[in-house]
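Colleague: Quick one: the structure is below, questions incoming.
The values are calculated or read from the model by the stated rules, or taken from the named source; none is laboratory data. Note that the coordinates shown come from a computational prediction; the quantities given were computed from them, not determined experimentally. Cβ sites come from the backbone with ideal geometry, for glycine too, and all protein chains shown count toward neighbours. These area figures cover heavy atoms from the full protein model, side chains too; ligands, DNA and RNA do not enter into them. Shrake-Rupley method; radii C 1.70, N 1.55, O 1.52, S 1.80 Å.
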Amino acid sequence: MQYKAILFDMDGTLVPMDNDVFVKGYFKELAKKLSPIGLAPDALIAAVWAGTKAMVKNDGSKPNVTVFWETFGQVTGKDVSEYRAQSDAFYANEFMAAKVYTQENPLAKEAVRLAHLAAEKVVCASNPLFPLTGQHSRMGWVGLSGEDFDLVTSYESDSFCKPNPQYFLSVCDRLGVKPEECLLIGNDEQEDMQAASSIGMDCYLVTDCVIRRQECPWHGMSGTFAEMVAFLRTLG
């Protein structure tokens, strides 16, 4: 099939990782940067989690970035301006140290190259919980950059998050394509497979760092990252 768009999830797909290990390590680095402003590490991480959960529940009425910082301020009672400024600096700089909590993927760049041969548009459809600088930092860990994609979703650009199917519909709207003209490649049975397939996207489950969900098991296309790359070669 000729797709108009191919979408790649990032964490656990393009960037191999154990999600729990990554989050724990990344929060440790974030706390080093933000705690000196005036919050104990535990209070800081609790506020970040609250903001993250609020973004996941976002109904589309505000950008995710607004939802996150409004929630952060409500939870902490703090003026968020300095926290946001230091957060932006963190994702552009110190966040790079979090690469040690991920794994290498020498096939990532080849997968994106093949996707461009097989489709008109290629998207980094990483859950938009991070600022764009953070998205760029993470893709850089596997040799990719923002220039490798026609669209990179982020908390500044998006107003929905996975597993809300509206996230994928909003991507389609921006690309000017229909869901049934798209292929999503991801590693999470709920956030990627169920959410995207529910609106008509074809989906491929990458199993190297798979996140299984008992409530929504995936029975469609699946395989290792290397097997997925082989599949992309058949599309070009």
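Colleague: Note the count of lysine pairs whose C-alpha atoms are less than 20 angstrom apart in the chain, limited to pairs 8 or more residues apart or on different chains.
Modeller: Close lysine pairs under the 20 Å cut-off: 22.
Colleague: So how much slack lies between THR224 and ASP59, counting 0.36 nm per residue of separation and subtracting their Cα-Cα distance, in nm?
Modeller: 56.0 nm
Colleague: If you keep only loop residues by DSSP, which GluC sites (Glu not before Pro) in the range 56-157 have at most 14 other Cβ atoms within 10 Å of their Cβ?
Modeller: GLU104
Colleague: For the chain, what does -39500 (n - 2.57) per DSSP helix run (n ≥ 4), summed and divided by total residues, give at 222 nm, in deg cm²/dmol to the nearest 500?
Modeller: -13000 deg cm²/dmol, from helical runs alone.
Colleague: Hey, what angle do you get for helix 19-34 against the long axis of the chain, alpha-carbon based, 0 to 90 degrees rounded to 10?
Modeller: 40
Colleague: Sticking with this structure for a sec: Given the Cα-Cα distance of ALA46 and ALA97 and 0.36 nm per residue of separation, how much length would full extension add, in nm?
Modeller: Result: 16.2 nm gained on full extension.
Colleague: Separate question: With a/c under 1.5 counting as rounded, go ahead and sort the range 13-99 into rounded, prolate or oblate using the C-alpha gyration tensor (a ≥ b ≥ c being the square roots of the eigenvalues; past the cut-off, prolate if a/b is larger than b/c, else oblate).
Modeller: oblate
Colleague: Just read off the accessible area of LYS178 with the full protein assembly in place, 1.4 Å probe, to the nearest 10 Å².
Modeller: 120
Colleague: For the Cα atoms of the chain, what angle does the longest principal axis make with the long axis of helix 64-76, in degrees from 0 to 90, nearest 10?
Modeller: Around 30 degrees separate the two axes.
Colleague: How far apart, in nm, are the 7 Å Cα→Cβ label points at ASP173 and ASP88?
Modeller: With each label point 7 Å from Cα toward Cβ, the separation is 2.6 nm.
Colleague: List the GluC sites (Glu not before Pro) within the range 183-236 that fall in a DSSP loop (any state other than H, G, I, E or B) and whose Cβ has at most 10 other Cβ atoms within 10 Å.
Modeller: Taking the range 183-236 and a limit of 10 other Cβ atoms within 10 Å, the loop GluC sites (Glu not before Pro) found are GLU215.
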